[in-house]
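S.K.: Please see the structure below; I have some questions.
The values are calculated or read from the model by the stated rules, or taken from the named source; none is laboratory data. What you see is a predicted model, and the numbers here were worked out from it, not measured in a lab. Note: ideal-geometry Cβ built from the backbone for every residue, glycine included; neighbour counts use all protein chains shown.
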Amino acid sequence: MQQGRHSPAQGLTHIALIGNSMPRQCGIATFTTHCYDALHARFPDLRIDRYAMDDGVDDLDYPADVTLIAQHDRLAYSHAAKQIEESGAQAIWLQHEFGIFGGAGGDYILHLLARTRVPVITTLHTILARPGEDERRVMDAILARSTELIVMAERGREILRSTYGVDDARIHVIEHGVPDRPYVDPDTLKPRFGWQGRKVVLTFGLLAPDKGIESMIRAMPAIIAAEPETLYVVLGATHPNIVREQGEALRNRLMALSQELHVADHVRFIGSYIEQEELLDYLQAADIYVTPYVNPAQITSGTLSYAVAMGKPVVSTPYIHATEILADDHGRLVPFGDSAALADNLIALLADEDLRRGYATRAYQRGRGMLWAELARRAQRLLVRAHGAQPARLAARRGYTVLPPTLSAILRMSDGTGMLQHSIYSVPDRNHGYCIDDNARALILLSQIEDIDDELRDQWMATYSSFVQHGWNDGAGRFRNFMAYDRSWCEDIGSQDSSGRALWSVGVTARDARQAKHRDWACILFDRSVHALMELSAPRARAFAMLGAAAMLERNPEHRAAQQMLHIFGRSLFDLYGAARRPDWDWFEPALSYDNMRLCEAMIRAGMLLGNEQFLACGLDTLRWAAQRHTAPDGHFRAVGTESFGRPYAPPLTFDQQPLEAQAAVEAARAAFDADPVQLWVDLADNAYGWFLGRNDLDLPIATREDGGCYDGLTPHGVNRNQGAESLLALQLSSCAIIRLSRKAQIVARTAKAGSDLFPA
């Protein structure tokens, strides 16, 4: 192996590099391409898959090994994540810059990061000390997802610590890479560009308003008066986005300004994209480099790094990168927009060759520590570190303690009318009023939760029962669903699902309520509504109603209407199963949707109560299949994301994940264990319950342990921190169910042990 070329260490053989790529003309494309080249040169045995954003505007001839991601197509990011997962990549190196990714604040990249479990290191090209809402949201998510973070200036480290609260141990300062060239005297290259006899001041980069070129042009009259042979060269094409929006209006304004100030003969615009080797020739031919930028927050300037590496004396405004790289007398700083200060400093340097040579020597030596090869070495070490840390991070997710069920958060969302639907964080949002769905769930909880005061239980049983009672519309034969905060109904007939859930709550109350008065009320309302609800046709509405009928049949095994509902609705679900199933698709419908495992639970309960082996087998088989689809590759529960809804015969997508799905899994597993007491169902329930506590795709807890709260879901960029009624009830009902399942599993285990002791093999 050649000197300077190394094999990957500690098992890291394959990475994915995400950013932009040349021939796209932008700083991130150049940077990402040079990172690839440097890694490939130093670690030739390391496989590097390149993924580049494509804005769809320019028809560029990308290298064959570059996989393009349509910048403004959210699904393209999901497809890329799948490709990364399937490729076997062991780590991702992400180049993050605001503006290169699609979505609000560039949040489409979060869809990619959330859909792969590959560890990530991220180079942050811009770090905003005062981000907007979307920018903060995206940055927080990237910081949470990244194992290691690279910044190019100490100021970047400070902002990450102070503004974003990042642990300093995860932050690494690796300066912008630069090419390796020997130092040459500028006069030796000037004839190539027709600059002989001139003192050349150079600015390079994509032309944009934030470059501050106006300030430099306004400094030229004073400079020319003192040093008449001075030539100011503005090198670089206009930024493509600016060209698309306004053509060359900016360049034309700058040229007009030079004419107005009578310095046009001393200002030269070279408006083309320059390849690296030619750029370095231009830099080495210049006497001084100037960056009159106007943005003080700019942390990275690749052009400044290149100029320092080529040994150029630099005069610059004090943006962040410049203040750091030019510290200790490596260059000169002038105030933003101060043309007089620019002129004074440039005149001093142009007039004194020894002064220029001193700055040049110090700059060149400064650049030796910034070579691309050194950047590649340090980045590879972080990739190895991230890869090696991954197993430990995943292992830490195992185990949990069941949260004791509590009404604290439920009552926070309730008043004398019932339970409010939505919240802003944990504060009830009265603008959205109430719905029967949540009040039905709350009614079920009041009969399931243990260890609460009898008077408190009675009070709230009455409140939620009253809401459900009031929701019944006798004339329409359906339950209403939505009620405004002023107690006016928003509709005469609610959704089929809401009617099914209401009947479910009534059946459970008839069976499980602690007091006879509540059980008797429920029996009356069940009998009043069950016949009309035989008209329900939606699969989940029928499943919810079946669970209510099953509860009623457990209370009264002779209840004919409940029997009839279980037969008719069970047969309809069984027929759906027969029509939709495929060799690899054991499900009732062509697509997964919401509350999926309720369908399985309903069939299991119906099969047990009716003695129908077909129904029971259908419920257990579909639950096994659904459990597989709700399990991530590393074994944790993965709720089917809302993005999956309506995608026929397709693997489920990951986000957004709702607490409802975890609850359905816990309660379906409990039903399955009642029918088939094997460890599989206990494991399913444990896995699903663990989702609330942080055993999920983002390793973030959904439950708030201190108050019985529960966030509204898991998104690609973190938790949805609102705590609506559905989510709170999902957690509390799951806690009740997992406790009861655990008790029964312990009884089964003790019985089995006793049997084995009596009848040893």
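S.K.: Going residue by residue through the stretch 184-197, is there one that turns out to be of a type in the set (A, V, I, L, M) and touching a strand residue (DSSP E or B) at 6+ places or on another chain (Cβ under 6 Å)?
M.R.: Within the stretch 184-197, none of the residues are of a type in the set (A, V, I, L, M) and touching a strand residue (DSSP E or B) at 6+ places or on another chain (Cβ under 6 Å).
S.K.: Considering only the stretch 226-291, give the strands (runs of 3 or more DSSP E) lying wholly within it that have at least 3 residues that are surrounded by 20 or more Cβ atoms within 10 Å (Cβ to Cβ). Talk me through it step by step, then tell me what you get.
M.R.: Working: elements: 230-235, 267-270, 288-291.
Qualifying strands (runs of 3 or more DSSP E): 230-235, 288-291.
S.K.: Another question, then. So, of the residues in the stretch 647-694 that are closer than 22 Å to Arg117 by Cα and among the hydroxyl-bearing types (Ser, Thr, Tyr), which turns out to be modelled with the lowest pLDDT?
M.R.: Among residues in the stretch 647-694 that are closer than 22 Å to Arg117 by Cα and among the hydroxyl-bearing types (Ser, Thr, Tyr), the one modelled with the lowest pLDDT is Thr654.
S.K.: Out of Ile109, Ile121, Ile100, report the one residue that is buried (at least 22 other Cβ atoms within 10 Å of the Cβ) and in a loop (DSSP other than H, G, I, E, B).
M.R.: Criteria check complete, one pass: Ile100.
S.K.: Is it the case, given these coordinates, that Ile213 is farther than 14 Å from Val294 by Cα and either touching a strand residue (DSSP E or B) at 6+ places or on another chain (Cβ under 9 Å) or among the acidic types (Asp, Glu) (or both)?
M.R.: On the way: farther than 14 Å from Val294 by Cα: no; either touching a strand residue (DSSP E or B) at 6+ places or on another chain (Cβ under 9 Å) or among the acidic types (Asp, Glu) (or both): yes.
No.
S.K.: Could you tell me which residue of the stretch 577-625 is nearest to Ala737 (Cα to Cα), considering only residues that are aliphatic (A, V, I, L, M) and under 33 Å from the mean Cα position of the chain (by Cα)?
M.R.: Among those residues, the one meeting the criterion is Met597.
S.K.: Confirm whether Ala341 is among the hydrophobic types (A, V, I, L, M, F, W, C), more than 20 Å from Thr32 (Cα to Cα) and without any contact (Cβ under 8 Å) to a residue 60 or more places away in the chain.
M.R.: Yes; evaluated as a whole, the condition is true for this residue.
S.K.: Then there's this: Which condition from (1) closer than 27 Å to Gly388 by Cβ; (2) in contact with a strand residue (DSSP E or B) (Cβ under 9 Å, 6 or more places away or on another chain); (3) basic (Lys, Arg) is the one that Arg117 breaks?
M.R.: Against the list (1) closer than 27 Å to Gly388 by Cβ; (2) in contact with a strand residue (DSSP E or B) (Cβ under 9 Å, 6 or more places away or on another chain); (3) basic (Lys, Arg), Arg117 comes up short only on (2).
S.K.: On to the next question. Just wondering, is there one or more residues in the stretch 174-190 that are over 30 Å from Leu714 (Cβ atoms), surrounded by fewer than 21 Cβ atoms within 10 Å (Cβ to Cβ) and of a type in the set (S, T, N, Q)?
M.R.: Yes, some residue in the stretch 174-190 is over 30 Å from Leu714 (Cβ atoms), surrounded by fewer than 21 Cβ atoms within 10 Å (Cβ to Cβ) and of a type in the set (S, T, N, Q).
S.K.: Provide a single number: the residues in the stretch 179-201 that are farther than 15 Å from Asp281 by Cβ and β-branched (Val, Ile, Thr).
M.R.: 1
S.K.: Examine the stretch 502-515 for a residue that is surrounded by 21 or more Cβ atoms within 10 Å (Cβ to Cβ) and of a type in the set (Ser, Thr, Tyr), and state whether such a residue exists.
M.R.: yes
S.K.: Would you confirm, using the coordinates I've provided, whether Ile444 is closer than 19 Å to Arg501 by Cβ, hydrophobic (A, V, I, L, M, F, W, C), in contact with a strand residue (DSSP E or B) (Cβ under 7 Å, 6 or more places away or on another chain) and buried (at least 22 other Cβ atoms within 10 Å of the Cβ)?
M.R.: No: the conditions fail for Ile444.
S.K.: In addition: Looking at this structure, is Ala141 closer than 25 Å to Ala29 by Cα and either basic (Lys, Arg) or not in a helix (DSSP H, G or I) (or both)?
M.R.: No; evaluated as a whole, the condition is false for this residue.
S.K.: Has the stretch 207-225 got at least one residue that is out of contact with any helix residue (DSSP H, G or I) (no Cβ under 7 Å at 6 or more places or on another chain), free of Cβ contacts under 8 Å to residues at least 40 places away in the same chain and in a loop (DSSP other than H, G, I, E, B)?
M.R.: Let us first name the residues in the stretch 207-225 that are out of contact with any helix residue (DSSP H, G or I) (no Cβ under 7 Å at 6 or more places or on another chain), namely 210-212, 221, 225.
Subset that is free of Cβ contacts under 8 Å to residues at least 40 places away in the same chain: 225.
Narrowing further to those that are in a loop (DSSP other than H, G, I, E, B): none.
No; the residues of the stretch 207-225 include none that is out of contact with any helix residue (DSSP H, G or I) (no Cβ under 7 Å at 6 or more places or on another chain), free of Cβ contacts under 8 Å to residues at least 40 places away in the same chain and in a loop (DSSP other than H, G, I, E, B).
S.K.: Hey, another quick one. For the stretch 305-333, what are the residues that are of a type in the set (A, V, I, L, M) and touching a residue at least 24 places away in the same chain (Cβ under 8 Å)?
M.R.: The answer is Ala307, Val308, Ala309, Met310, Val314, Val315, Ile320, Ala322, Ile325.
S.K.: Among the helices (runs of 4 or more DSSP H) contained in the stretch 295-369, which hold 3 or more residues that are surrounded by fewer than 21 Cβ atoms within 10 Å (Cβ to Cβ)?
M.R.: Per the criteria, 339-351, 353-367.
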